[in-house]
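Novice: Input: one structure, supplied below.
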Amino acid sequence: MDAIAGRKPIVVWALNISVVLLVLLWLFPTLGLFVSSFRTGDQITASGWWSSLFAAEQTLQIRADDPDDNRVDLGNGRYMVEGNIFGDQDFGGEMKAWSTSSRRLGENAPGDTFDLGDGETFTLNADGSYVWEGDDDQISGRAQRVFIDAVTPPDFTLENYNFVLFDENNSEGMAKAFFNTLTVVIPATIIPILIAAFAAYALAWMDFPGRAILIAVVVGLLVVPLQLALIPLLSLHNAIGIGKGYLGVWLAHTGFGLPLAIYLLRNYMVGLPRDIIENAKVDGATDFQIFTKIILPLSFPALASFAIFQFLWTWNDLLVALVFLIDASGQTTVMTKQIVELLGTRGGDWEILATSAFVSIAVPLAVFFAMQKYLVRGLLAGSVK
Amino acid sequence: MHPALQGLLTIIIGVGGCVGYFYFANLLLDKVLFKPEGPNAGRNINRANMIRPWLFLLPAIIALGLYLAYPVVATLRLSFLERLPGNEFGFVGFENYSKMFGEPKFIEAMKNNVLWLVIVPAAATGFGLLAAQLTDRLSWGNIAKSIVFMPMAISFVGAAVIFKLVYEARPEDVAQIGILNHLYLVFGGAEPQQWLQIPFWNNLFLMVVLIWIQTGFAMVILSAALRGIPEETVEAAIIDGANPFQIFFKIKIPQIMSTIVVVWTTITIATLKVFDIVFAMTNGQWETQVLANYMYDKLFRANDWGMGSAAAMIIMLMVTPILVWNVYNARKEMR
């Protein structure tokens, strides 16, 4: 098509630019969270995450050391405070200019001595060392404020991850929730696959009365909202003694995942070549053998795509866990629930929120990028024919 | 027992149980009940083959019946009952429904849900189609697609946190850390806005989250559909002098219409059930209530099973047309 229509360079440019914009629009929200999870709480509140990616020109507002504690008597009623404006911390940035008032920002160069009037002077060097001199009245009470125009390089830390994942004193940590989520997800992914594979084979390759109706029922159940299942099933679980717990949530996820599993697998199995199956039958293979030796290995792509769906869905689920798993003790909380809790209790602590959220997002993202091929294939099998 | 150990045990019991069931049930059928030998060999083989499909289907039928079909009936029943003290239930007819329709919060949830249903599927399908078409012939199109598709893997709760940061508002005199307010101020906004607390518009800001997630899904499927269009139709249109817009709207769109409908309805269903986003971001405050969250409120906060079930039935009722349509199509395809 390109060859026939030809393409003006300007069209190609417009196309590329619009796709870049689209991609940026989709990437930016996640990127913001990702970047924020590597910044300290102070950094996050001091500037937007987008400015942290580049060496930033910032105006830092710092006070000199408390004069009442630190001043040195020079005699003749003169006092002096000496020190480093950045304290003990290593200042990674570069000082461009400074001043002692927000109305005269950037007026003094590093190394200048500024006259504050009535004999009070302030000297600030590029390395942050300063000398503040004046009489008894001037060098007392509140310390002198200094406004420094500085260029600071990007500065990131792993401290948040350390705190969220490994700090044992952190009662809101994600480590336990992470393992709980994993405990929910793995059986809830494996068990429905097995049940569905047998059912899908029966629906695809075995002939029996009622098959068409069963397929229609599965298609219908695909869209039944699981909201309907909450109360009846919770009562049922309570009645038979499962109550709230892992077993309940595994069963629930199995039940809710089955229609999609059967549907996907049946669609795939129907497409397998008829010859292979009939040859095997002629050679005397039983249905059970055909299923385990031929169909299952051939259906690997479909099994993989359903496994990814079910994994993502159970990992990211909140509602089913809230209803069937998490009891008053809070011992079985999952990551999604933990994040919702954090949103309530630590709504402003973005370093904690961002890191916790990213911990829960990281695993599905890794699975997504590693197995994207199967995910796409599964989506297509489920929707387009 | 440690949950991880319990999990491992469940995998073993679950998987082993499943495999064992299928294996031994087959064995029972072939070796004990209907032996393919002796005078009745032929009849026995036929009988075994008649029973075997049901053997394969049994676990799935039990699970589907118990976890999806039974709840529909049970919820319908609960929606006509009220809970009396001492675990008793009394029949109240349509009272739960009439009480619900009298509640302003429910009307608000209905209105918002309709708004969600109109906007989200349309926007997600539209953006998806746009993304699919734009990336179609691009050398780095696959990378672009991956990135637009990526939110698919992110949980609604994770997305809620992501967008809370986007919408974050800080007092006017300090630096904005939410990019929306930052841009708003850069482009001449007077003061930072609490985006999630402005009635009506906050609904749109919540919808953005779901659109952001669902666009990738729409894009992937529509992109495959676009690739499936026969080249000749497009070539013929070019030779006849059609411009790119005409090709897109008059040649391509009509050919992928059935796929667009599938995408649209799939997103519609996802939208109907939306719960986590609202639960995590506003919890229905500031007039952002939706049906699923309203239902959760009734069931687990107010402990009113009758009204909660009635709300669930409303969601079911809204899904039903799509359900019927899906089943109808599936049956048509099978013939």
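The values are calculated or read from the model by the stated rules, or taken from the named source; none is laboratory data. Not measured: the values here are computed from a predicted model. Every residue, glycine as well, gets a Cβ built from its backbone with ideal geometry; the counts of neighbours run over all protein chains shown.
Novice: What is the number of the single condition among (1) surrounded by fewer than 19 Cβ atoms within 10 Å (Cβ to Cβ); (2) assigned to a helix (DSSP H, G or I); (3) free of Cβ contacts under 8 Å to residues at least 12 places away in the same chain that B:ALA60 does not meet?
Specialist: That leaves (1) as the condition not met.
Novice: Applying the selection to the stretch A:275-302, what residues are within 14 Å of chain B (Cβ to nearest Cβ) and surrounded by 22 or more Cβ atoms within 10 Å (Cβ to Cβ)?
Specialist: Scanning the stretch A:275-302 gives A:ASP287, A:PHE291, A:ILE295.
Novice: Okay, moving on. Would you point out the residue of the stretch A:169-203, among those that are out of contact with any Ser or Thr (no Cβ under 7 Å at 6 or more places or on another chain) and among the hydroxyl-bearing types (Ser, Thr, Tyr), that is modelled with the lowest pLDDT?
Specialist: A:SER171
Novice: Do we have B:TYR23 as in a helix (DSSP H, G or I), in contact with a Gly (Cβ under 6 Å, 6 or more places away or on another chain) and outside the structural domain of B:ILE277 (by TED's automatic domain parsing) here?
Specialist: Here the answer is no, as B:TYR23 does not meet what is asked.
Novice: From the list A:ALA302, A:ALA307, A:ALA285, which residue is of a type in the set (A, V, I, L, M), in contact with a Lys or Arg (Cβ under 9 Å, 6 or more places away or on another chain), assigned by TED's automatic domain parsing to the domain that holds A:THR183 and in a helix (DSSP H, G or I)?
Specialist: Result: A:ALA302 is the single residue among A:ALA302, A:ALA307, A:ALA285 that is of a type in the set (A, V, I, L, M), in contact with a Lys or Arg (Cβ under 9 Å, 6 or more places away or on another chain), assigned by TED's automatic domain parsing to the domain that holds A:THR183 and in a helix (DSSP H, G or I).
Novice: Within the stretch A:165-269, considering only helices (runs of 4 or more DSSP H) that don't extend past its boundaries, which have at least 2 residues that are within 11 Å of another protein chain (Cβ to nearest Cβ) and among the β-branched types (Val, Ile, Thr)?
Specialist: A:175-205, A:211-221
Novice: Something else now. Filter the stretch A:335-384 down to residues that are more than 7 Å from chain B (Cβ to nearest Cβ) and not in a helix (DSSP H, G or I), then give me how many there are.
Specialist: Final tally of qualifying residues: 5.
Novice: Considering only the stretch B:87-106, state which residues are exposed (fewer than 13 other Cβ atoms within 10 Å of the Cβ) and more than 14 Å from B:ASN303 (Cα to Cα).
Specialist: Hits for the stretch B:87-106 are B:GLU88, B:GLY90, B:PHE91, B:GLY93, B:PHE94, B:SER98, B:GLY102, B:PRO104.
Novice: A:LEU264 - would you say it is among the aliphatic types (A, V, I, L, M) and either under 18 Å from A:LEU379 (Cβ atoms) or at pLDDT below 85 (or both)?
Specialist: yes
Novice: Further question on the same structure: Say we look at the stretch A:128-160 and pick out the residues that are hydroxyl-bearing (Ser, Thr, Tyr) and surrounded by fewer than 17 Cβ atoms within 10 Å (Cβ to Cβ); which of these is nearest to the chain's Cα centre (by Cα)?
Specialist: Of the residues in the stretch A:128-160, the ones hydroxyl-bearing (Ser, Thr, Tyr) are A:129-130, A:140, A:152, A:157.
Restricting the remaining residues to those that are surrounded by fewer than 17 Cβ atoms within 10 Å (Cβ to Cβ) gives A:129, A:140, A:157.
On the way: A:SER129: 41, A:SER140: 49, A:THR157: 17 Å.
Result: A:THR157.
Novice: Next question. Quick check on my filter: what residues within the stretch B:9-25 are over 17 Å from A:THR254 (Cα atoms) and facing chain A (nearest Cβ under 7 Å)?
Specialist: Within the stretch B:9-25, just B:PHE22 meets the criteria.
Novice: Related question: What is the number of the single condition among (1) within 11 Å of chain B (Cβ to nearest Cβ); (2) surrounded by fewer than 17 Cβ atoms within 10 Å (Cβ to Cβ); (3) under 15 Å from A:ILE352 (Cα atoms) that A:THR59 does not meet?
Specialist: (3)
Novice: Next up: Can you pull out every residue in the stretch B:120-139 that is surrounded by fewer than 16 Cβ atoms within 10 Å (Cβ to Cβ) and facing chain A (nearest Cβ under 8 Å)?
Specialist: Within the stretch B:120-139, B:ARG137, B:LEU138 qualify.
Novice: Still on this structure, please answer the following. What strands (runs of 3 or more DSSP E) lie completely within the stretch A:25-136 and have 1 or more residues being small (Gly, Ala, Ser) and closer than 30 Å to B:PRO151 by Cα?
Specialist: Output list reads A:56-63.
Novice: Being within 10 Å of chain A (Cβ to nearest Cβ) and β-branched (Val, Ile, Thr) is the filter here; which residues of the stretch B:46-94 pass it?
Specialist: Within the stretch B:46-94, B:ILE51, B:ILE61, B:ILE62, B:VAL72, B:VAL73, B:THR75 qualify.
Novice: Now, a different point. Report, by residue number, each residue of the stretch A:26-46 that is more than 16 Å from the chain's Cα centre (by Cα) and facing another protein chain (nearest Cβ under 9 Å).
Specialist: Listed by number, the residues that qualify are A:ILE44, A:THR45, A:ALA46.
Novice: On the basis of being touching a helix residue (DSSP H, G or I) at 6+ places or on another chain (Cβ under 7 Å) and either more than 25 Å from A:MET174 (Cβ to Cβ) or in contact (Cβ under 8 Å) with a residue 60 or more places away in the chain (or both), does B:PHE187 make the cut?
Specialist: Numbers: touching a helix residue (DSSP H, G or I) at 6+ places or on another chain (Cβ under 7 Å): no; either more than 25 Å from A:MET174 (Cβ to Cβ) or in contact (Cβ under 8 Å) with a residue 60 or more places away in the chain (or both): yes.
Here the answer is no, as B:PHE187 does not meet what is asked.
Novice: Among the residues of the stretch B:140-179, count how many are of a type in the set (Lys, Arg) and more than 8 Å from every other protein chain (Cβ to nearest Cβ).
Specialist: First, the residues of the stretch B:140-179 that are of a type in the set (Lys, Arg): B:145, B:164, B:170.
Keeping just the survivors that are more than 8 Å from every other protein chain (Cβ to nearest Cβ) gives B:145.
Final tally of qualifying residues: 1.
Novice: Answer with yes or no whether A:PHE178 is surrounded by fewer than 21 Cβ atoms within 10 Å (Cβ to Cβ) and among the hydrophobic types (A, V, I, L, M, F, W, C). Can you show your working first?
Specialist: Values: surrounded by fewer than 21 Cβ atoms within 10 Å (Cβ to Cβ): yes; among the hydrophobic types (A, V, I, L, M, F, W, C): yes.
So A:PHE178 fits the description; yes.
Novice: Which members of the stretch A:329-347 meet the condition of being within 17 Å of the chain's Cα centre (by Cα) and more than 24 Å from A:THR183 (Cα to Cα)? Steps first, answer last, please.
Specialist: Narrowing the stretch A:329-347 to residues within 17 Å of the chain's Cα centre (by Cα): A:334-343, A:346-347.
Across the stretch A:329-347, the qualifying residues are A:ARG346, A:GLY347.
Novice: List the number of the failed condition for B:PHE156; all other conditions in (1) touching a Pro at 6+ places or on another chain (Cβ under 6 Å); (2) at pLDDT 85 or above hold.
Specialist: Every listed condition holds for B:PHE156 apart from (1).
Novice: Considering only residues that are of a type in the set (Phe, Trp, Tyr) and more than 20 Å from the chain's Cα centre (by Cα), look in the stretch B:199-229 and name the one that is farthest from the other protein chains (Cβ to nearest Cβ).
Specialist: Here the answer is B:PHE200.
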